[in-house]
Amino acid sequence: MKTDVKNFLKYRYLLFNLISRDIKVKYRRSVLGLVWSILNPLLMMLVMTAVFSQIFKFDIPNFPLYYLIGSTVWGFFSEATNSCIMSILSASSLIKKVYIPKYIFPLEKIVFAFVNMLFSFIAVAIIFAITGTPLTWTALLIPVPMIYTLIFSAGMGLLLSALTVYFRDILHLYGVILTAWMYFTPIFYPINALPEFMQNLIKINPLYHYVSYTRDILMYNTVPSLETNLICIIYALVSLFVGIVVFKKLQKNFILYI
Amino acid sequence: MNIMSKNVIEVNNVTMRFNMSKENLDSLKEYFIKLVKRQLFFEQFTALSNVSFNIEKGDVFGIVGFNGAGKSTILKVISGILQPSEGSVKIDGTIAPLIELGAGFDMELTARENVYLNGTVLGLSPDFIDTKYDEIIDFAELQDFQDVAVKNFSSGMLARLGFAIATVVTPDILIVDEILSVGDFLFQQKCENRISEMMKNGTTVIIVSHSIEQIEKLCNKVIWLEKGKVKMLGETKEVCDAYKSVTK
Ligand SMILES: Nc1ncnc2c1ncn2[C@@H]1O[C@H](COP(=O)(O)OP(=O)(O)O)[C@@H](O)[C@H]1O
Ligand SMILES: [Mg+2]
């Protein structure tokens, strides 16, 4: 444990270096990089608002904000885990030649996705301003659901990055799983539009809790209950635990399969 | 036990097996078929079997053997790149592995950017690299090429830059795998000088070299590997004479 911490500290510069390289590629090389990462969710929001609140007539007050918060939290989870999948495989030339703690690579992808989410929150702020939605003190709790989602995603990312070294099928399967998972998360529909048994089913989905938590504190001025917090924490910790255990067990032989 | 005979490296019964059937595991379906048929992990290649030796502080330890004997493999096990299938390795101190120079280079980036990238790959802090940057570039003789993408470099230039970065801190243990055969004569001379300097400062060195003369000149202890097994281990003269009688 102590040597793990020492090891991490030694390689933190590499972590920063890799993250800043990703950020440079995404945001600096094209002037429009940052603009697009704000504009893209906003345009998507317009489409979704047109489709779901006008055509399907979902009865959600302030649908644009409802959708945008949901899709931002979901987008982070989806980008983080999806980019983790290839993280070990694409670092293979490095892993084969020098010793580096291997978790650096999925971790870097997760932190990068987190930075992207922070930029996406600019879009959320713009919609708050445009729709004149008041923010109350409960919004100050925003780091809480972000940290829950971060830990949950980190666990999933570690798990996926390690398994993919052995089973390349995951590369193809995970896209399908993510799509199904997204429909299973109330991003553009209200959960109470579903029959009760579906509602109960969706409450198993950790992302449902993280998305609702964020909406509760930003839009509905509600502090989620102790029970909700416990559910969120347990999901996050179980995910992290499984991710770390599997990763630690499998990393020993990564080099033989990449 | 006195301080002089302190082991800095202990290699205990190390066996390294490589999987020769990696492409078979590419799909889940094949994996399960193989699992059911119990064919999994059958095609293995043993690159090292039951290798043990100790290296004491200040030793200059040579490894000889024919191609494919497992010399590079044991170096990778010692530097932590490979985990042994069986056995263990105990290391006391920091390692500078000169196994593949410039392993962390990104070909699209400039020499300057790569110094920082490769430095952090080796665990150095950017502040520290700042203070050593000029020294690195001087040693590598790349003053006029600092802002050129390294994809335009010759292999000699890459080796110089890689060597300069990897040896910027004096490590406790230096691992040298036939890298002295790249680059021109002058550069080899320069590398040897830097390595000798480190030896004087008490760095423990492990050398793999094609040149038996180099091994005889530098080492005080030599191991001879043959097909992954220890053929001989002992004083330089003894082992080198035996090795030379076979190669002749
Ligand atoms: N990653 C690997 N996968 C499979 N076989 C390998 C791998 N690395 C090395 N080998 C095999 O192990 C043996 C020893 O290799 P090596 O240690 O590079 O020999 P050398 O003594 O020439 O440095 C060789 O037969 C080589 O083919
Ligand atoms: Mg070799």
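The table below lists the values:
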| item | result |
| --- | --- |
| Alpha-carbon centroid distance for the pair the stretch A:6-60 / the stretch A:220-258, whole angstrom | 23 |
| Dimensions (Å) - chain B, Cα atoms, principal axes, largest first | 60, 51, 41 |
| Charge dipole (debye, nearest 20) of the stretch A:2-257; +1 at Cβ of Lys and Arg, -1 at Cβ of Asp and Glu | 1360 |
| Calculated over the stretch A:8-79: convex hull of Cα atoms, volume per residue (Å³) | 103 |
| Distant-in-sequence amide H partners of B:LYS231 (H built 1.01 Å from N, under 5 Å) | B:TRP224, B:LEU225, B:GLU226 |
| Volume per residue of the C-alpha convex hull in the stretch B:105-169, rounded to whole Å³ | 69 |
| As computed over the stretch A:2-257, the Cα convex hull volume per residue (Å³) | 149 |
| Surface accessible to a 1.4 Å probe, per residue, for the residues of the stretch B:105-169, Å² | 42 |
| Accessible carbon and sulfur surface of chain B relative to its total accessible area, %, 1.4 Å | 51 |
| Dipole magnitude of the protein assembly as shown about its Cα centre (Cβ charges: Lys, Arg +1; Asp, Glu -1), debye to nearest 20 | 1000 |
| Kyte-Doolittle mean at least 0.0 and Cα axial length at least 20 Å: DSSP H helices in chain A | A:32-48, A:63-85, A:104-131, A:143-166, A:169-183, A:226-251 |
| Peptide A:6-14 - average C-beta neighbours from other chains (10 Å radius) | 4 |
| Protection proxy ranking, peptides A:139-146, B:169-176, average beta carbon neighbours within 10 Å, highest first | B:169-176, A:139-146 |
| Scaled radius of gyration (Cα, divided by 2.2 N^0.38 Å) that the protein assembly as shown gives | 1.18 |
| Diffusion coefficient, µm² s⁻¹, Stokes-Einstein with Kirkwood Rh over alpha-carbon pairs of the stretch A:104-254 at 25 °C and 0.890 mPa s | 143 |
| Per-q log10 I(q)/I(0), the stretch B:184-238, q = 0.13, 0.20, 0.29 Å⁻¹ (Debye; single scatterer per alpha-carbon; no solvent) | -0.39, -0.83, -1.25 |
| Mean projected area (nm²) of the alpha-carbon convex hull when the stretch B:53-103 is viewed from all directions | 4.5 |
| Accessible area (Å², per residue) of the stretch A:131-247, counting only protein heavy atoms and a probe of 1.4 Å | 48 |
| Subset of A:LYS252/B:LYS57; A:LYS97/B:LYS90; B:LYS57/B:LYS190; A:LYS248/B:LYS229 violating a 26 Å alpha-carbon distance limit | A:LYS252/B:LYS57; A:LYS248/B:LYS229 |
| Kirkwood hydrodynamic radius of the stretch B:83-191, Cα pairs, Å | 14.5 |
| Listed residue (A:LEU226, A:GLN251, A:TYR213) projecting farthest to the positive dipole end of the stretch A:196-258, Cβ model | A:GLN251 |
| Chains B and A, summed buried accessible surface - 1.4 Å probe, Å², nearest 100 | 2500 |
| Highest to lowest packing among A:175-184, A:57-66, B:116-125, scored as the average C-beta count within 10 Å | B:116-125, A:57-66, A:175-184 |
| Partner lysines for B:LYS231 [C-alpha distance under 16 Å; skip if fewer than 8 residues away on the same chain] | B:LYS71, B:LYS221, B:LYS244 |
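The values are calculated or read from the model by the stated rules, or taken from the named source; none is laboratory data. Please read these numbers as outputs of a predicted model, since none were measured by experiment. For neighbour counting, all protein chains shown are included, and Cβ atoms are generated from backbone atoms with ideal geometry for every residue, glycine included. Surface areas here come from the heavy atoms of the whole protein model, side chains and all, with no ligands, DNA or RNA. Shrake-Rupley method; radii C 1.70, N 1.55, O 1.52, S 1.80 Å.
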